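As structure tokens, the structure follows; a few thoughts come after it.
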Amino acid sequence: ATSGLSLWLVPNPAQLQLIQKVLPKQPKTRPVSAASYPDITPHITLASSGKVTQDAILRAIPSTLHPIPVEFQKLEVGDHYFRSVFISVKKTTELVALHEHIMAALDRDGASPSAPAFPHMSISYIADEDGAAERKKAADELRAIAVVEGSETDLDGAETVVLRCGDSEEGHVCLAGFEGTEVWIVRCEGPVQHWQVLYKITVTPRIED
């Protein structure tokens with residue numbers, strides 16, 4: 001069980017809806033634990049703390065926030081409930097700077113913040129009793145319908161992941177990442193469906209020159 005407050009970087013509302021549509025739902029064809037496949041909000045956890053106040057977490061957020069570009073890297077299967085199936089994310093300058101600013105501010109407040117496997121976007125939470133086989137199955141099913149994996153030809157041979165997010169009027173929408181336009185403060189206590197969004201902060205759009 002988790003307890004405490006988390007700071008999430010969340011996609012813009014249109015992208016949020018698109019990503020949510022492709023997240024795996026509880027399978028109808030095989031029995032799984034009730035704790036597996038809860039509805040999740042796509043996000044990157046910037047920091048979490050079990051002993052932080054809402055005021056301290058608000059203080060930790062930079063006073064000026066701009067949209068943070070997020071680039072997907074690789075679809076991965078983990079061995080932890082909250083990282084059952086996830087997409088690892090590139091450590092871009094803006095994302096790392098925001099994370100470090102928040103971690104340092106919470107540290108100064110004595111909040112002992114953590115952000116395991118930063119940065120990643122979870123796709124599925126799958127209970128331990130369903131095991132590695134179910135996690136692998138979820139990833140394979142996602143690959144079959146929504147994930148396009150490739151490796152770029154540039155020098156670092158970086159891997160890329162694109163989420164095929166269904167149809168819009170313009171046809172298939174493919175996301176190779178998202179634009180982080182909101183930071184949410186979430187009380188993560190008890191089962192996922194009981195988590196509470198306490199506060200949403202919208203970033204200031206960048207003014208184009």
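The values are calculated or read from the model by the stated rules, or taken from the named source; none is laboratory data. Quick caveat, the model's predicted, so the values are computed rather than measured. Note: ideal-geometry Cβ built from the backbone for every residue, glycine included; neighbour counts use all protein chains shown. Heads up: the accessible areas ignore ligands, DNA and RNA and are worked out on the full protein's heavy atoms, side chains in. Shrake-Rupley method; radii C 1.70, N 1.55, O 1.52, S 1.80 Å.
Here are some notes:
- Qualifying positions in segment 1-16 - more than 14 Å from the chain's Cα centre (by Cα) and either within 26 Å of Glu134 (Cβ to Cβ) or modelled with pLDDT under 90 (or both): Ala1, Thr2, Ser3
- Just one of the numbered conditions (1) among the small types (Gly, Ala, Ser); (2) farther than 30 Å from Ala97 by Cβ; (3) open to solvent by 20 Å² or more (accessible area, probe 1.4 Å) is not true of Ser36: (3).
- In segment 129-151, residue farthest from His43 (Cα to Cα) [restricted to those that are at pLDDT 85 or above and among the aliphatic types (A, V, I, L, M)]: Ala133
- Residues of segment 132-150 that are under 12 Å from Val162 (Cα atoms) and among the basic types (Lys, Arg): Arg143 alone.
- The strands (runs of 3 or more DSSP E) found wholly in segment 2-106 and carrying at least 1 residues that are out of contact with any helix residue (DSSP H, G or I) (no Cβ under 8 Å at 6 or more places or on another chain) and within 16 Å of Trp195 (Cβ to Cβ) occupy 5-11, 44-49.
- Condition check for Val96: aliphatic (A, V, I, L, M) and under 13 Å from the mean Cα position of the chain (by Cα): no
- Some residue of segment 96-115 being surrounded by 13 or more Cβ atoms within 10 Å (Cβ to Cβ), within 30 Å of Ala34 (Cα to Cα) and free of Cβ contacts under 8 Å to residues at least 40 places away in the same chain: no
- One residue stands out in segment 152-176 among those that are part of a strand (DSSP E or B) and either of a type in the set (Asp, Glu) or at pLDDT 95 or above (or both): the one that is farthest from Ser88 (Cα to Cα), namely Asp167.
- Among residues of segment 133-149, those that are open to solvent by 80 Å² or more (accessible area, probe 1.4 Å) and not β-branched (Val, Ile, Thr), counted: 5
- Restricting attention to segment 116-128, the residues that are modelled with pLDDT of 95 or more and either open to solvent by 60 Å² or more (accessible area, probe 1.4 Å) or not in a strand (DSSP E or B) (or both) add up to 6.
- Taking segment 177-209 as the range and being among the aromatic types (Phe, Trp, Tyr) and either in contact (Cβ under 8 Å) with a residue 24 or more places away in the chain or assigned to a strand (DSSP E or B) (or both) as the test, the residues that pass are Phe178, Trp184, Tyr199.
- Flag if Leu198 is under 18 Å from Ser48 (Cα atoms), open to solvent by 40 Å² or more (accessible area, probe 1.4 Å) and modelled with pLDDT of 95 or more: yes
- Here the condition is being under 21 Å from Pro119 (Cβ atoms), over 14 Å from the mean Cα position of the chain (by Cα) and crowded, with 16+ Cβ neighbours inside 10 Å; of Ile19, Ile57, Ile44, it holds for Ile57 alone.
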